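Down below is the structure, laid out as structure tokens.
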Amino acid sequence: MSLKRTIHLAVLALSTVCAYGVVTSAQNTAAPAVPRTADGKPDFTGTYQWPTYLQGDERGRSSATVFDRKRFAPLKPGGEAFLEPRTGVPRHDEPRDFCLPAGFPGGMLSGNAMQFFQTKTYLVMVHEFQRMTRIIPLDGRPHRKGLEPMYYGDSVGKWEGDTLVIDSVNFNRWALDDFYYTNSKEYRMHSDALHTIERLKWKGKDTLSYELTIDDPKIFTAPWSQEFQIVAKPEWDAAGLYEYVCEDNNRCPGGKCGDEEKK
Amino acid sequence: MKTRLALAACLAMTALAPLAAHHSFAAEFDDTKPVKMTGVIKKVEWTNPHIWFYLDVKNADGTVTTWGFAGGAPGQLMRRGIVKDQLKLGETVVVEGFRAKDGSNNASGGRVTFPDGRNVLTAGAQDRTPGEAR
């Protein structure tokens, strides 16, 4: 990592810590009690809506949440590959149409329910969409080495006060988010150098703050961040997550529906 | 009456709520070819990644064509109060959507209107919905 990027990340982390300090000191009297595990850490176990926008942020046309372009850092020379055009080849343009994985962070922002389970050692995030499961160690272990790049990357978590910081690396080159459902000319492809930092903390009685930092040195001149909110949905606990097996009845992959299923 | 009002309110909210699905509408359906058909529900597949339901639609010459319609994911629909039993076999409904790109007798099933006038948005989120500006 270059010195410039290291400084950028340090400034980003510092500003977040400072902002958090100001907010928490201002809210000390009013802030609700944070649910905690037996060992005193904030407890995120529960059922939630997917990450949604804060007021004023750009929205996509589907229910999936997308990044706001005004958050993006400038593209580097060569970073134009981020806005890769569609090719007309369905497997490239719409990989999920063939039940291929949404990947992270796109899948995490998809418009479906999520359920989190937390132990001292792990936070397990299960997303109804494609039954995406992320198992995030919380015991301070380093990233795994020697793995092939992955759709969801390799994630490790650590606590910074009451904030859980999840660091992820080792990604495939894949769609960053669902913006191509909004504008077919903007297919946002992150590179295989993607590094993400998620900062998760309780913000209110039923709301988590979820800040995502996108650090993609092949695409952007600097890391950039966007905060979302994750709203707890205890009323969804009873039904739980519904099954999602994409391969079950994916009738029109690549736009080929046919007529043979109607008997 | 209260129950009916509550149901109507629930269905109205459902009609406004965006739903998510796994596919891009653009890959499978043609938003320049809206369809609106009346037919009898023949079959319902309450399956992932999208529900499918099939209507027997009578043609002008008296023959019948079975059309397939793709909606949202079952979990999404159920969490918003739409359950499989609402699509009753043998019931005559009106469905609005957009025709499949491959020219087959399939379409997106954007909105279903029941005999009593109630309607539900069964489309996936990325789908163009009936009446939406392009």
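The values are calculated or read from the model by the stated rules, or taken from the named source; none is laboratory data. Quick caveat, the model's predicted, so the values are computed rather than measured. Glycine gets a Cβ as well: all are built from the backbone with ideal geometry, and neighbour counts include every protein chain shown.
Looking only at the range A:27-41, decide whether some residue is at pLDDT below 75, out of contact with any helix residue (DSSP H, G or I) (no Cβ under 8 Å at 6 or more places or on another chain) and in a helix (DSSP H, G or I). Looking for residues that are at pLDDT below 75, out of contact with any helix residue (DSSP H, G or I) (no Cβ under 8 Å at 6 or more places or on another chain) and in a helix (DSSP H, G or I), one finds at least one in the range A:27-41, hence yes. Taking (1) at pLDDT 90 or above; (2) crowded, with 17+ Cβ neighbours inside 10 Å in turn, A:LYS120 satisfies each apart from (2). Applying the criterion of at least 3 residues that are over 29 Å from A:PRO90 (Cβ atoms) to the strands (runs of 3 or more DSSP E) found wholly in the range B:18-91 leaves B:29-45. If you filter the range B:18-33 down to residues that are modelled with pLDDT of 75 or more and either farther than 15 Å from B:ASN106 by Cβ or surrounded by fewer than 24 Cβ atoms within 10 Å (Cβ to Cβ) (or both), you find that the one that is nearest to the other protein chains (Cβ to nearest Cβ) is B:ALA27. Within the range A:111-135, the set of residues being under 15 Å from B:ARG79 (Cβ atoms), assigned to a loop (DSSP other than H, G, I, E, B) and out of contact with any Asp or Glu (no Cβ under 7 Å at 6 or more places or on another chain) comprises A:GLY111, A:GLU128.
Can you name the residue in the range B:95-117 that is outside any loop (DSSP other than H, G, I, E, B) and within 14 Å of chain A (Cβ to nearest Cβ) and, of all such residues, is surrounded by the fewest Cβ atoms within 10 Å (Cβ to Cβ)? Checked the range B:95-117; the qualifying residue surrounded by the fewest Cβ atoms within 10 Å (Cβ to Cβ) is B:ARG99.
For the range A:200-241, the tally of residues that are more than 26 Å from B:ARG79 (Cβ to Cβ), part of a loop (DSSP other than H, G, I, E, B) and out of contact with any strand residue (DSSP E or B) (no Cβ under 6 Å at 6 or more places or on another chain) stands at 5.
If you scan the range A:166-199, which residues turn out to be in a strand (DSSP E or B), within 11 Å of the chain's Cα centre (by Cα) and among the aliphatic types (A, V, I, L, M)? Scanning the range A:166-199 gives A:ILE166, A:ILE197. Checking each residue in the range A:220-263 for being facing another protein chain (nearest Cβ under 7 Å) and basic (Lys, Arg) picks out A:ARG251, A:LYS256, A:LYS262.
Annotation: B:LYS58 fulfils all but one of (1) farther than 30 Å from A:GLN115 by Cβ; (2) buried (at least 23 other Cβ atoms within 10 Å of the Cβ); (3) away from chain A (no Cβ under 12 Å); the unmet one is (2). Here A:MET132 meets the list (1) among the aliphatic types (A, V, I, L, M); (2) within 14 Å of chain B (Cβ to nearest Cβ); (3) closer than 20 Å to A:TRP224 by Cβ almost entirely, failing just condition (3).
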